[in-house]
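The values are calculated or read from the model by the stated rules, or taken from the named source; none is laboratory data. As the structure is a prediction and not an experimental result, all values here were calculated from the model. Counting neighbours? That spans all protein chains shown, and the Cβs are built from the backbone with ideal geometry, glycine included. Heavy atoms of the whole protein, side chains included, go into the accessibility calculation; ligands, DNA and RNA do not. Shrake-Rupley method; radii C 1.70, N 1.55, O 1.52, S 1.80 Å.
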Amino acid sequence: MPYTFLDDVTLADIAFRAWGADLQETFVSAADAVMNAMVEELDTIQPHQERTLHVQHEALDLLLFNFLQEIIYYKDAEQLLLRVRQLDIAEMPAPSTLHATAVGEPIDPERHRMCVDVKAVTLHRFSLTKVDGGWEAFVILDI
């Protein structure tokens, strides 16, 4: 699991740190962390429906922010729980562009043990940083 939830950062929200060897791995790890904040067992999400996600931004950190917001949007608008199957990021030419394929299914209370309802990603302390061996994101979710 290339992410960890941080209990000592906030009282009313959920914070996590996600990482990967490259931007793509880090973005997928962060998306899994967002989904895992809502669903206890990610393996219960079956790939019955597919959505294509396209987001752009000049700044890589805000590209991640917008991408995570899209995952939450589908949960809210279509009641879909999504896992990222494939993700590509093009940094040049600007703006940076993300194309992803996510698969999942509608929320089924009998199979999906829901933890909390994530409302949004916050910009408070939000970061995406290049570190030795890859990238790391710090995210706080509004619940």
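The residue pairs whose first member lies in region 45-70 and is over 16 Å from M35 (Cβ atoms), whose second member is open to solvent by 40 Å² or more (accessible area, probe 1.4 Å) and part of a helix (DSSP H, G or I), and whose beta carbons are closer than 7 Å, counting only pairs six or more residues apart or on different chains, are V55/N66; V55/E70; H57/N66.
Tallying residues that are surrounded by fewer than 19 Cβ atoms within 10 Å (Cβ to Cβ) and outside any strand (DSSP E or B) within region 1-31 yields 13.
When residues in region 35-73 are screened for being open to solvent by 30 Å² or more (accessible area, probe 1.4 Å), touching a strand residue (DSSP E or B) at 6+ places or on another chain (Cβ under 7 Å), assigned to a helix (DSSP H, G or I) and over 16 Å from T122 (Cβ atoms), 1 of them pass. Within region 88-109, no residue that is open to solvent by 80 Å² or more (accessible area, probe 1.4 Å) sits with its Cβ atom under 6 Å from a residue that is hydrophobic (A, V, I, L, M, F, W, C) at 6+ positions apart or across chains.
Comparison of R111, R85 shows that the only residue that is part of a loop (DSSP other than H, G, I, E, B), touching a Ser or Thr at 6+ places or on another chain (Cβ under 6 Å) and among the charged types (D, E, K, R) is R111.
Of all positions in region 61-80, at least one carries a residue that is within 21 Å of A15 (Cβ to Cβ), touching a Ser or Thr at 6+ places or on another chain (Cβ under 7 Å), hydrophobic (A, V, I, L, M, F, W, C) and modelled with pLDDT of 95 or more.
Considering only residues of region 119-143 that are closer than 24 Å to Y74 by Cα and outside any strand (DSSP E or B), which is nearest to the chain's Cα centre (by Cα)? Of everything passing the filter in region 119-143, K119 is nearest to the chain's Cα centre (by Cα).
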